[in-house]
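The values are calculated or read from the model by the stated rules, or taken from the named source; none is laboratory data. Only a predicted model underlies this, so the values are computations on that prediction, with no experimental measurement involved. Ideal geometry is used to build each Cβ from the backbone, glycine not excepted, and the neighbour counts take in all protein chains shown. Quick note on the areas: whole protein, heavy atoms, side chains included, nothing else; ligands and nucleic acids left out. Shrake-Rupley method; radii C 1.70, N 1.55, O 1.52, S 1.80 Å.
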Amino acid sequence: MLIRYKKSMEKIAMGLLSFMPEEKDVKKLQHTMKAYEENENWHLYLWRENDDVLGAIGVEINQIDATVTVQHISVNPSHRELGIGHKMINEIREIYEENYQIIANDLTESFLNKCE
Ligand SMILES: CC(C)(COP(=O)(O)OP(=O)(O)OC[C@H]1O[C@@H](n2cnc3c(N)ncnc32)[C@H](O)[C@@H]1OP(=O)(O)O)[C@@H](O)C(=O)NCCC(=O)NCCS
């Protein structure tokens, strides 16, 4: 299930987001984490299964054009190809789809297309 990020989960969240190709640089990653903590339109979720945190998905809410952009999606390499990525996208749809159109950015587009 998806759970909303809390500061106490910072290390595991950073570890997961660091698998995104453009988040390899620690400074960039710290900047991204700060944005998820401080920007009320940036929502970060973690995928938890049996007390293990195995994935992360981060979105940006745009109230003006009623979109939710999936900005980050990442799964622990040992747990890939098991459907977790698809399940995270489905839960994001359940949370936001009633009021927002779910869209990708350049970094998440190929996987979101795969989930269509
Ligand atoms: C992308 C990612 C989150 C998928 O997670 P996952 O739990 O393994 O995904 P699922 O098990 O739900 O789906 C697996 C399917 O997605 C495909 N897939 C994996 N990464 C993909 C990508 N970047 N673009 C398109 N399809 C992708 C797999 O080939 C597989 O296809 P198949 O079912 O036809 O064999 C994971 O590979 C990851 O963390 N990658 C590193 C971070 C990253 O690059 N994120 C941006 C992705 S655009």
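For the reader, a short list of remarks on this structure follows.
- Backbone HN-Hα couplings from phi across segment 65-76 [Karplus 6.51/-1.76/1.60, Hz, Gly and Pro as x]: 9, 6, 10, 10, 9, 6, 9, 9, 8, 7, 10, 3
- Cleavage-rule hits (trypsin sites (Lys or Arg not before Pro)) in segment 1-72: DSSP loop, at most 14 neighbouring Cβ within 10 angstrom: K6, K24
- Along each principal axis, Cα extent of the chain, largest first, Å: 32, 31, 25
- Accessible surface of the chain, 1.4 Å probe: 48 percent of it comes from carbon and sulfur atoms.
- Electrostatic bookkeeping for R48 treats Lys and Arg as +1 and Asp and Glu as -1; over the other residues with beta carbon under 14 Å from its beta carbon, the sum is -1.
- The string of couplings for segment 38-55 from the Karplus curve (6.51, -1.76, 1.60, θ = phi - 60°) is 10, 8, 5, 8, 9, 10, 10, 10, 10, 9, 10, 9, 6, 6, 9, 9, 10, x Hz, one whole number per residue in order, with x for Gly and Pro.
- Viscosity 1.567 mPa s, temperature 4 °C, Stokes-Einstein D of segment 60-116 from Kirkwood C-alpha radius, µm²/s: 109 µm²/s
- Mean separation of Cα contacts under 8 Å (6+ apart) over length of segment 1-96, as relative contact order %: 27 percent
- Counting only lysines at least 8 places from K27 when in the same chain, those with an alpha carbon closer than 21 Å to its own are K6, K7, K11.
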